[in-house]
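Input: a single structure, listed below in structure tokens.
The values are calculated or read from the model by the stated rules, or taken from the named source; none is laboratory data. Because the structure is predicted, anything quoted here is derived from the model rather than measured. Cβ sites come from the backbone with ideal geometry, for glycine too, and all protein chains shown count toward neighbours. Heads up: the accessible areas ignore ligands, DNA and RNA and are worked out on the full protein's heavy atoms, side chains in. Shrake-Rupley method; radii C 1.70, N 1.55, O 1.52, S 1.80 Å.
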Amino acid sequence: MTMNRRELMETAAAAAALAAIGKLELPAHAAAPVPAAGADKWVKSVCRYCGTGCGLFVGVKDGKVVAVKGDKDNHNKGFLCLKGFLLPEIMSAPDRLLHPLIRKNDKLVPATWEEAMSLVASKFKAAIEKGGPDAVGFYGSGQALTEETYCANKLFKAGIRTNNIDGNPRLCMASAVGGYVTTFGKDEPMGCYDDIDHADVMLLVGSNAAEAHPILFQRIVRRKEAAKGTKIVVLDPRKTPTARIADLHISFTAGTDLAILNAIAHVLVKEGMVDEEFVKAHAAFGEGADANKTWEDYKAFLEAWTPEKAEEISGAKAADIRTCARWFGEKGKASLTMWTMGLNQRTKGVWANNLCHNLHLITGKIGLPGSSPLSLTGQPNACGGVRDGGALSHLLPYGRLVVNEKHRAEMEKLWGVPEGTIQPKPGLATVDLFRAVEDGKVKCLYIMCTNPGQSMPNVGRYRKALRREGAFVVVSEAFHPTRTSELADVVLPAALWAEKEGVYGCTERRYQLLEQSVKPSGEARPDFEILCDLAARLGHGKLLPFKTASDVWAELLTVCKGTAYDFSGMTRDRLKESHGLLWPLPTAGHPGTKRRYVKGDDPLVPADHPQRILFYGRPDRKAVVWLRPHQPAAEVPDAEYPLIYTTGRVIEHWHTGTMTRNCKELRHANAEAVVEMHPDDAKVLGVKNGDLAKVASRRGAETFKVRVIDGSRKGMVFVHMHDDKRLCNLPTNDAVDPISKQPEFKVCAVKVTKA
Ligand SMILES: Nc1nc2c(c(=O)[nH]1)N[C@H]1C(S)=C(S)[C@@H](COP(=O)(O)OP(=O)(O)OC[C@H]3O[C@@H](n4cnc5c(=O)[nH]c(N)nc54)[C@H](O)[C@@H]3O)O[C@H]1N2
Ligand SMILES: Nc1nc2c(c(=O)[nH]1)N[C@H]1C(S)=C(S)[C@@H](COP(=O)(O)OP(=O)(O)OC[C@H]3O[C@@H](n4cnc5c(=O)[nH]c(N)nc54)[C@H](O)[C@@H]3O)O[C@H]1N2
Ligand code: SF4
Ligand SMILES: [Mo]
């Protein structure tokens with residue numbers, strides 16, 4: 001790390017920062033120092049960035065956002081990390097897009113809204129007339145507001161009648177969704193942040209929470225400080241800032257977690273740490289796609305998965321796996337597992353999720369304070385808008401499925417469209433959607449609130465697809481140029497964060513309202529308004545008759561009613577008064593649900609249910625323990641491409657950097673993506689700190705500055721994803737998990753040479 005970055009991190013708001021440099025004391029927190037800008041009013045809102053979902057107040061002066069301060073009455077207790085704290089800087093950045101752009105003579109030039117929207121509508125109409133509804137598609141985002149995503153979903157699935165609507169949660173949370181649905185029958189975690197405060201043992205698997213969820217990480221650190229003896233195990237190939245607070249850091253070859261997770265279960269069974277009664281009452285067992293196995297079958301399956309075998313496959317020490325299992329399984333202790341992209345972004349991502357759930361089901365350490373599998377959500381509204389709202393190509397709102405006739409009929413009735421309107425076949429998931437643009441099947445693509453020209457795996461291929469002759473690409477963006485807007489035919493200026501109103505749903509099923517603080521900049525319009533305008537121009541105005549985001553919410557309260565997501569008691573007024581509400585919340589007076597499936601907490605479990613828990617998500621009212629053997633990544637190193645390539649985040653930057661590059665403090669701290677490598681690898685390659693190295697896979701290559709760092713794992717290089725000049729996704733693999741269709745960003749094979 002450069003001195004510059006260290007200096008920055010020392011003054012940063014997150015406990016993460018101190019943990020990263022090996023100190024555990026909590027820093028004097030940046031919740032307090034509000035810039036001396038003297039705001040006239042403070043408007044309640046939520047941070048624009050990560051799935052922690054910190055509550056904050058936006059300080060407004062003369063119609064401009066001048067400051068933010070953390071909301072003391074929300075779960076973040078007034079704390080914000082540096083990115084959240086610096087949000088005001090992004091609002092009036094020089095690269096804010098203030099008017100529409102249209103491509104003329106291969107150049108993007110300013111246009112009026114009327115010109116831009118009539119061009120978009122005519123292109124969409126022509127494509128649909130010629131090629132049918134599936135000739136168009138929509139690619140959305142876990143950062144769009146719930147109301148916006150819902151409008152897009154309704155317009156495309158019920159108006160245009162295509163299921164070709166997907167979004168970046170496919171790159172992010174799809175394997176978590178697949179894990180929850182296959183194990184519990186319904187998506188979304190059962191646990192909550194409060195579990196951190198009760199956990200005795202915390203497993204962080206493939207999660208660098210110190211950088212990616214700083215305020216949650218701070219809560220983890222607080223728990224460790226408050227309850228001596230709390231054990232933290234980090235399973236990550238790299239020695240991340242998160243790993244620096246671990247009591248046990250298990251490093252291993254990327255892509256081999258399945259062997260380790262099965263070996264942990266092996267030890268739990270062998271050493272009598274299972275809860276037979278719980279298993280008997282609540283667990284089913286399955287293999288492949290069917291829950292047709294038994295407890296005995298599962299134990300027989302685990303026989304082979306010894307820690308020694310896991311060591312052979314993964315390089316993790318068998319003794320460490322045993323220690324981890326013994327901590328996790330100790331009777332009477334609360335155990336919490338949290339995971340993120342290290343598990344999800346894999347071709348066996350759903351299986352890896354299942355194996356996390358298995359550990360909790362066989363020990364009964366689930367649905368108790370401090371005991372839960374809790375997948376950490378990446379984006380601020382992946383849960384609320386896209387997952388719960390059903391805006392993926394195979395989903396319909398609130399747990400309903402495109403392939404289910406009854407679900408389609410329910411939605412058709414709710415949407416007031418004729419029976420048979422919704423297509424019964426799932427549309428194209430992200431990678432297939434972009435391939436359909438490549439081969440001309442999808443002629444028009446509408447991209448909203450995401451930057452796939454930088455964030456897609458094997459991005460060189462899809463950048464070409466977006467510029468293909470005959471493809472028409474619309475991008476709704478708050479900034480320009482981005483690596484996607486530069487490829488567009490039309491760029492629409494979107495209102496940003498505090499310039500509009502809507503709901504975000506974060507990791508713990510918590511829905512929160514972002515109130516509008518200021519007017520949109522320039523000619524920018526909220527995505528909600530743009531979508532309603534498009535619907536009217538395409539002849540589907542009746543489907544989106546909404547005047548305000550609040551009107552959309554009123555409709556959502558009816559759409560969720562009676563589902564496992566029921567939040568119909570969460571009126572706009574309640575959201576306004578509250579500092580976040582957790583669903584299920586089915587009636588006006590209900591306080592919300594901390595722990596789902598748990599009697600006395602979850603209103604969907606009958607009060608007289610004889611057991612403490614009811615897994616009502618599946619017809620047999622059980623959760624499934626899955627028999628999932630280890631399988632290797634889609635691409636593993638060989639003689640020609642000898643190193644593992646993995647990519648991810650740094651605390652200062654958000655994804656493709658369009659927003660955080662606009663904060664000078666963040667930009668200066670860590671502007672350029674580097675390739676981190678182990679000293680031994682650097683020696684073999686003949687490179688040192690600051691040299692340039694070319695990283696090449698079978699798909700593409702990019703050059704990065706070298707950072708030699710002993711926290712790296714030998715045989716693996718790690719590259720940051722925020723740099724728009726050095727695209728970390730040129731080499732990544734676009735192979736997908738067969739169940740979740742999520743790409744394997746985290747593992748592929750590369751060769752590195754001095755550039
Ligand atoms: N600062 C910041 N915070 C963010 C974001 C951001 O862009 N910047 N983005 C948000 C979003 S959308 C997301 S999805 C989250 C992501 O949050 P995280 O998943 O925590 O972040 P990543 O850096 O993508 O990856 C996490 C870790 O996975 C490890 N890893 C790689 N391969 C494997 C493997 O095979 N097994 C295991 N167990 N681990 C492996 C990497 O070494 C890395 O440390 O962050 C959210 N928060
Ligand atoms: N190599 C590699 N690639 C990855 C990952 C990885 O770990 N490694 N992680 C993947 C994951 S988990 C994720 S979530 C994706 C994220 O990838 P992206 O979604 O492509 O990344 P962002 O930079 O968040 O893009 C959001 C865009 O929306 C714009 N924007 C902001 N607010 C608004 C708004 O209100 N309306 C509109 N219309 N636009 C707005 C921002 O300027 C920004 O350009 O990246 C994926 N790609
Ligand atoms: S932890 Fe996440 S939600 Fe909270 S302030 Fe930081 S970026 Fe925003
Ligand atoms: Mo993500």
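For first residues located in segment 392-412 and at positive phi, partners that are surrounded by fewer than 24 Cβ atoms within 10 Å (Cβ to Cβ) and of a type in the set (D, E, K, R) and lie 6+ apart or on another chain with Cβ distances below 6 Å form the pairs Gly399/Lys186. Considering segment 700-749, the residues that are β-branched (Val, Ile, Thr) and more than 25 Å from Gly686 (Cα to Cα) include one that is surrounded by the most Cβ atoms within 10 Å (Cβ to Cβ), namely Val736.
Looking only at segment 307-325, count every residue that is touching a Phe, Trp or Tyr at 6+ places or on another chain (Cβ under 8 Å) and open to solvent by less than 10 Å² (accessible area, probe 1.4 Å) and tell me the total.
Step one: of segment 307-325, the residues touching a Phe, Trp or Tyr at 6+ places or on another chain (Cβ under 8 Å) are 314-316.
Now drop any that are not open to solvent by less than 10 Å² (accessible area, probe 1.4 Å), which leaves 314, 316.
Total satisfying the criteria: 2.
The set of residues in segment 582-614 that are out of contact with any Leu (no Cβ under 9 Å at 6 or more places or on another chain), assigned to a loop (DSSP other than H, G, I, E, B) and among the hydrophobic types (A, V, I, L, M, F, W, C) comprises Trp583, Leu585, Ala588, Ala607.
Please enumerate the residues belonging to segment 326-344 that are within 16 Å of ligand 2 (Cβ to nearest atom) and open to solvent by 10 Å² or more (accessible area, probe 1.4 Å).
Thr340, Met341, Gly342
Among the residues of segment 506-523, the ones that are within 11 Å of ligand 2 (Cβ to nearest atom) and open to solvent by less than 10 Å² (accessible area, probe 1.4 Å) come to 1 in all.
Can you go through Asp134, Asp71, Asp62 and tell me which one is touching a residue at least 12 places away in the same chain (Cβ under 8 Å), outside the structural domain of Arg387 (by TED's automatic domain parsing) and on the phi < 0 side of the Ramachandran plot?
After ruling out the rest, the residue left standing is Asp71.
Candidates in segment 696-737 are the residues that are of a type in the set (Gly, Ala, Ser) and part of a loop (DSSP other than H, G, I, E, B); of these, the one that is nearest to the chain's Cα centre (by Cα) is Ala735. A single entry from Ser485, Ser455, Ser476 fulfils the requirement of being touching a residue at least 40 places away in the same chain (Cβ under 8 Å), closer than 20 Å to Asp724 by Cβ, within 16 Å of ligand 4 (Cβ to nearest atom) and among the small types (Gly, Ala, Ser): Ser455.
Taking the conditions exactly as written (touching a Gly at 6+ places or on another chain (Cβ under 9 Å) and either β-branched (Val, Ile, Thr) or surrounded by 19 or more Cβ atoms within 10 Å (Cβ to Cβ) (or both)), does Ala535 satisfy them or not? Working first, answer last.
Details: touching a Gly at 6+ places or on another chain (Cβ under 9 Å): yes; either β-branched (Val, Ile, Thr) or surrounded by 19 or more Cβ atoms within 10 Å (Cβ to Cβ) (or both): yes.
So Ala535 fits the description; yes.
Being in contact (Cβ under 8 Å) with a residue 60 or more places away in the chain, touching a Cys at 6+ places or on another chain (Cβ under 6 Å) and aliphatic (A, V, I, L, M), is that true of even one residue in segment 688-709? Scanning segment 688-709 turns up no residue that is in contact (Cβ under 8 Å) with a residue 60 or more places away in the chain, touching a Cys at 6+ places or on another chain (Cβ under 6 Å) and aliphatic (A, V, I, L, M). Residues that are touching a helix residue (DSSP H, G or I) at 6+ places or on another chain (Cβ under 7 Å), crowded, with 24+ Cβ neighbours inside 10 Å and of a type outside the set (A, V, I, L, M) within segment 212-235 comprise Pro214, Phe217, Gln218, listed in sequence order.
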